[in-house]
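Colleague: Right, I'll just put the structure down here and ask away after.
The values are calculated or read from the model by the stated rules, or taken from the named source; none is laboratory data. Because the structure is predicted, anything quoted here is derived from the model rather than measured. Here the Cβ positions follow ideal geometry from the backbone for every residue, glycine too, while neighbour counts run over all protein chains shown. All accessible areas refer to the heavy atoms of the entire protein, side chains included, with ligands and DNA or RNA removed. Shrake-Rupley method; radii C 1.70, N 1.55, O 1.52, S 1.80 Å.
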Amino acid sequence: MTETQMRLAGGTLSLASIVLVVATLLTGFLPALSIEADLAPLDRWAIAVLALALYVAGYSLRREAPAFALLAFVFLTGGGAQLYMTEPLWFQTLRLTPERWREWLMVGLMAFEGLVAALVLTRPAARELLSRSVDKLGIGRIILFALLSFAFAVPVISYIGRGAFAAYLAHVAAGAVLISLHGVVLVAMAVVKSPVSGLHRISPVVPAAFTVVASLALSFFAFERMPHVQDEVAYLFQARTFAGGALTAPAPPEAALAGLDYYLLDIKDGRWFAATLPGWPAALSLGVLVGLQWLINPILAGLSVLLAYDITRRKAGGEQADLVALTMACSPWLLAAAASYMPHTFTLFLLLVSWWMILRSNPHGPHELRRLLVAGLAMGWIFAARPLDGVVLGGLTGLWVLAGPHGTKRRAVPYVIGCALIGGLLLIYNHAITGSMFSLPLTDYLDRLWQPGANAYGFGREIGPPEGWGALDLWRGHSPLEAVINVVNLLVSLQFELLGWSVGSLALVFAFLLWQRPRAFDGVMLIVIAAVMLSVGLYWFADSYYLGPRYWFPAAFAFFFLGARGYEALRTRFPGADGRGFTRIDAIIGVCCFFGLTVFTPWRGVVKYHEYGGFHATFVQAARAGDFGNDVVVYDTAGDIGSAMVLNDPWLAGSDGPIFVLRTPDTDLEAIGAAFPDRNVVAYATDWESRKP
């Protein structure tokens, strides 16, 4: 093709992508026009992926890179097809047997991706690249890299729960084939002309601002600015209580008690409170005061990107700092956590604040002790939000301040004081709620709800929830075998969620382990990861079903940092690293990040986070519109009652706005009316099951 023809074809593809998006959006209005449009949300997402792939192909053609245009197109559509065939809830599982014609179409797209890659790799340039890559990387290490990628491609815990070992092996084999398929396409991209001239240095403010915008978009359109698990309902209840200037609220009237009962909301000695830890709700209460609680986590995520950038710049250089900022801004894991009301973004932010302050506390400098005090205050706040994270990370950071580079007892004193000042507030809070400084409200609550010692740390027959949690808690109690299974399952979840790459999110971390020469700070990051893994393994619950391996979130920066170091190792060993090779491998990582951000993250939003767990925005939207006034709404629902509970002010009768009470078999409407004499009692029913996509 001539230059003019390529530009014309590229413009045509770009225009076609825009037309496709507009046509898809219009289908939402077609039913009102009496025109049939059978498009589920997943199908709309798939069409959007096709439009995106056409646009990227068109852009590449306009930049005179026709082979790259074809490869990028099949990489995006093939990876999207795999996600289309993946069951998204709880533990992701690939559907190996297509049923509908659309699923067969997805299989065809993946097969077409393999065909295109195979054709490109038959070229002499491709064979030469592969030969030189083997020489530089080593065949043994390449095989080990592939085996690591394959081993953590499938969540093992769901197969153990139902004793389906053969099915597990079949899915591992399928995962290995698909990872290899997508990897071959990326290798093929390295032997063709790239449409970009490599990664460009930009201000870290750009990825930080993008993180805020992207997480807000996910919050508005997928999470609908409302909780999606019971923990978030409790956090918001606690934040509202703190915003009202109290630690607890008065217990509800007797007539409404049964209709206000909810997991993690406790009533004790005439007080109503959330059994969750106070550190995160204390910060969230600042957003509650101004009605912008949904903005706190996105802002903290953006600030975390800036902090991570500067820490990496100081310890590894500017280019790797750029990559850390890029991968964080494109990380589905980070963006989803920031779009939720969970505390993990907050703890990551505090950790980075602490480390950043320590790095900036020059020995005997003018602000040395002040900055170390701030570092301790941030770490103490982590302890007040998530005590286990605070102990592990605070202890390791304390060793760094005491015995690391420039470490002295003099420097450790202000750090320890800061930790004690804020961390000690948790002990005071414990005493105020439970009567004991060393008894957490959550532990006290679960001891009464389940059994004594249920929330203990370590191994034992009586640790953990009662029967009925399925794959979330395989066997009664907690054992070393369960700990190992949990760690493996969390690694699988991280491989899937961290970057959303179709070749595996841990590819760069594996590259670091196999090809990078570790430096001192690399070793620190490895210790942080190992400590977090070990500490979480000793706890009975290892959640990965909602926001990925969220209990490993304190190690998020370490994974991004080591990934950047792994990319540096690949980049320096890449054939043609005299300049042109850099351009090609930079284009590859750019495509991978683009896939994670624009294909994987929207897929998660559409098929998982939107109305996840039976949480629906019906009550929220009606309350925002003022439909309920100040009524007492006695409701029936098929979804999670937290959708209504989250709207209740902790002070109930003393607050403005509606009060939501679940109808139970013992509900007495007259008694409820007497308990709230200044309000109307209305009945309300929802039909959410019929609205599911």
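Colleague: From the list THR327, THR312, THR347, pick out the single residue that is part of a helix (DSSP H, G or I), modelled with pLDDT of 95 or more, among the polar types (S, T, N, Q) and in contact with a Pro (Cβ under 8 Å, 6 or more places away or on another chain). Can you show your working first?
Modeller: Working: THR327 fails: in contact with a Pro (Cβ under 8 Å, 6 or more places away or on another chain); THR312 fails: in contact with a Pro (Cβ under 8 Å, 6 or more places away or on another chain).
It is THR347.
Colleague: Only residues that are among the β-branched types (Val, Ile, Thr) and in contact with a strand residue (DSSP E or B) (Cβ under 9 Å, 6 or more places away or on another chain): list them for the range 514-559, please.
Modeller: Once the filter is applied, which keeps residues that are among the β-branched types (Val, Ile, Thr) and in contact with a strand residue (DSSP E or B) (Cβ under 9 Å, 6 or more places away or on another chain), the range 514-559 yields nothing.
Colleague: Which of the following residues is more than 22 Å from the chain's Cα centre (by Cα), farther than 29 Å from GLY613 by Cβ and open to solvent by less than 10 Å² (accessible area, probe 1.4 Å): PHE521, PHE512?
Modeller: Among PHE521, PHE512, only PHE512 is more than 22 Å from the chain's Cα centre (by Cα), farther than 29 Å from GLY613 by Cβ and open to solvent by less than 10 Å² (accessible area, probe 1.4 Å).
Colleague: Additional query: Can you find a residue that is out of contact with any Phe, Trp or Tyr (no Cβ under 7 Å at 6 or more places or on another chain), at pLDDT below 90 and open to solvent by 20 Å² or more (accessible area, probe 1.4 Å) anywhere in the range 68-86?
Modeller: No: the range 68-86 contains no residue that is out of contact with any Phe, Trp or Tyr (no Cβ under 7 Å at 6 or more places or on another chain), at pLDDT below 90 and open to solvent by 20 Å² or more (accessible area, probe 1.4 Å).
Colleague: Would you call LEU277 modelled with pLDDT of 95 or more, in a helix (DSSP H, G or I) and open to solvent by less than 40 Å² (accessible area, probe 1.4 Å)?
Modeller: So LEU277 fails the test.
Colleague: Within the range 654-688, restricting attention to residues that are assigned to a loop (DSSP other than H, G, I, E, B) and of a type in the set (Ser, Thr, Tyr), which residue is surrounded by the fewest Cβ atoms within 10 Å (Cβ to Cβ)?
Modeller: Filtering the range 654-688 for residues that are assigned to a loop (DSSP other than H, G, I, E, B) and of a type in the set (Ser, Thr, Tyr), the one surrounded by the fewest Cβ atoms within 10 Å (Cβ to Cβ) comes out as THR664.
Colleague: Restricting the first residue to the range 256-268 and requiring it to be at negative phi, which pairs with a second residue that is modelled with pLDDT of 90 or more and among the acidic types (Asp, Glu) meet a Cβ separation below 9 Å and a spacing of at least six or different chains?
Modeller: TYR263/ASP231; ASP266/ASP444; ILE267/ASP261; LYS268/ASP444
Colleague: Moving to a separate point now. Within the range 92-144, take every residue that is of a type in the set (S, T, N, Q) and part of a helix (DSSP H, G or I) and give me the one that is least open to solvent (accessible area, probe 1.4 Å).
Modeller: Looking at the filtered set, the residue picked out is SER133.
Colleague: Hey, can you tell me all the residues within the range 235-274 that are assigned to a helix (DSSP H, G or I) and either closer than 12 Å to PRO441 by Cα or polar (S, T, N, Q) (or both)?
Modeller: GLN238, THR241, listed by residue number.
To keep it simple, each residue is scored yes or no on (1) modelled with pLDDT under 90; (2) open to solvent by 10 Å² or more (accessible area, probe 1.4 Å).
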| site | (1), (2) |
| --- | --- |
| TYR551 | no, yes |
| ALA556 | no, no |
| ALA569 | no, no |
| ARG584 | yes, yes |
| GLY605 | no, no |
| HIS610 | yes, yes |
| PHE619 | yes, no |
| ASN630 | yes, yes |
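Colleague: Can you find, within the range 145-161, the residue that is most open to solvent (accessible area, probe 1.4 Å) among those that are aliphatic (A, V, I, L, M) and farther than 16 Å from VAL503 by Cβ?
Modeller: Result: ILE160.
Colleague: Test ILE382 against the criterion of being of a type outside the set (D, E, K, R), part of a helix (DSSP H, G or I) and under 27 Å from the mean Cα position of the chain (by Cα), and give yes or no.
Modeller: yes
Colleague: Does any residue in the range 162-176 that is within 19 Å of LEU83 (Cβ to Cβ) and without any contact (Cβ under 8 Å) to a residue 24 or more places away in the chain come within less than 8 Å, Cβ to Cβ, of a residue that is of a type outside the set (A, V, I, L, M, F, W, C) and surrounded by 15 or more Cβ atoms within 10 Å (Cβ to Cβ) six or more places away or on a different chain, and which pairs are these?
Modeller: From the range 162-176, no pairs qualify.
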